[in-house]
Amino acid sequence: MARRLKAKHTSWWYSERAKKKHRHELDRKRHRKEMKKLDIQYRQHAVAQRLSQNIRKEKFTNLPVPMDFRIYSNAETVIEFYNNVEDKVKHGNPVYVDMANVGQLSIDSIMYYLALIRNLRHQGLSFSFKGNVPQNAKHRDLLRKCGFFRFVDLSIVSSLKRDSDTVSIREGDDTSPRIAQVFCDFVQGKFGVGRCETMPLYDSLIELMSNTRHHAYSFESNLRELKRWFIYAQYNKTDRYVRFIFLDTGFGIPATIQRTRAEQVRAFLVGLGVQRANDHPVIPSALEGASRSRTMETHRGKGLPSVQALVESRYFRDLAIISRKGLNSEMEKRDLSIPLKGTLFYWEMRWEDISVHDN
């Protein structure tokens, strides 16, 4: 009997000992986890303190944006400004972009701003980059509507309200049927048309997006440069049209299309310094020719001619393109003195044109 009780006692004792050991082990793991968390927080706090001390010691270079901060109407000045910002950042100088007193502001310059920030981050550069917002309420509202504050670190993001007359800036590095459909749905909602009426728009957006991936870069370009596109749309209630802006941060049309023999000779003379670079004639040439893709793939090179066909049928209106030094629009065809890094497309869609096009 005594042995049986002893055996029961021993079994219970081992069971309790195992439970106690298990609880102890859990407590140790919990303690180690808490200590690790505290250590991480301490390290993060120390890094933040050092960073804040370094920033206080830094003397930021204040760079006021041009009064006319619009690429389409003031291309050379705005591009030169951004080149200056990029140059100072790459040389380790802290930069403060001052938009307080800007007089005119447009989406194309905002897109270029965001593309610059994305590209600098992509290259893994260590830099201090700050800025402010315009004092003018109208310009601040434009930054809000276009979605600028979603791309930068500001506490204002949580209080943003959606504007039903705009599709805020979207970005990507490859074709995105989902985003293309968002813009088609926007046009359908504003014009009261069906899906069939926006299919040409959908195809054009997909083609422009795919250009970024397939041949928006030349073989000589810096592979560390970020391949990305940005798109924005706004509805004008008064005149009933939708305005699109599309930025491709690739190497540009003049550097990526397959050149004709005459263009190759011209490029050779430019390289020798005998002739000045002349990019703007290349843009209409690319719009007209379907076999201009430098990738030499039979299914490529149809994007720009298809866009031009929609312009000729008046499905798209007021197409304007800026690519490297070339500026091509219905009102103006010329070369810029400073190249744009990429390609900007501008066009409009009107309700009456879509209705006629569908019929």
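Given the structure, is Glu34 modelled with pLDDT under 85 and either part of a loop (DSSP other than H, G, I, E, B) or not assigned by TED's automatic domain parsing to the domain that holds Thr249 (or both)? Answer is yes for this residue. Could you look through region 114-150, keep only residues that are assigned to a loop (DSSP other than H, G, I, E, B) and modelled with pLDDT under 85, and pick out the one that is nearest to Val97 (Cα to Cα)? Checking each candidate, the answer is Ser128. Only one of the numbered conditions (1) closer than 22 Å to Thr343 by Cβ; (2) more than 20 Å from the chain's Cα centre (by Cα); (3) at pLDDT below 90; (4) not basic (Lys, Arg) is violated by Ser155, and that is (1). Only one of the numbered conditions (1) part of a helix (DSSP H, G or I); (2) at pLDDT below 95; (3) not β-branched (Val, Ile, Thr) is not met by Lys59, and that is (1). Against the definition (of a type in the set (A, V, I, L, M, F, W, C), part of a loop (DSSP other than H, G, I, E, B) and modelled with pLDDT under 85), how does Ala267 come out, yes or no? Answer is no for this residue.
Considering region 172-186, and only residues there that are modelled with pLDDT of 95 or more and among the charged types (D, E, K, R), the residue that is nearest to Lys145 (Cα to Cα) turns out to be Asp185.
Only one entry in Phe149, Phe69 is more than 25 Å from Asn211 (Cβ to Cβ), buried (at least 17 other Cβ atoms within 10 Å of the Cβ) and touching a residue at least 40 places away in the same chain (Cβ under 8 Å), namely Phe69.
Residue-by-condition table, conditions (1) at positive phi; (2) at pLDDT below 90:
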residue	(1), (2)
Gln188	no, no
Gly192	yes, no
Pro200	no, no
Asp203	no, no
Ile206	no, no
Ser221	no, yes
Lys227	no, yes
Tyr232	no, no
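The residue pairs whose first member lies in region 115-131 and is over 14 Å from Asp87 (Cα atoms), whose second member is hydroxyl-bearing (Ser, Thr, Tyr) and at pLDDT 80 or above, and whose beta carbons are closer than 9 Å, counting only pairs six or more residues apart or on different chains, are Ala115/Thr249; Arg118/Thr249; Lys130/Tyr96; Gly131/Tyr96; Gly131/Tyr113.
The values are calculated or read from the model by the stated rules, or taken from the named source; none is laboratory data. Please read all numbers here as calculations on a predicted model, not as lab measurements. In this analysis, Cβ positions are derived from the backbone assuming ideal geometry, glycine residues included, and neighbour counts consider all displayed protein chains.
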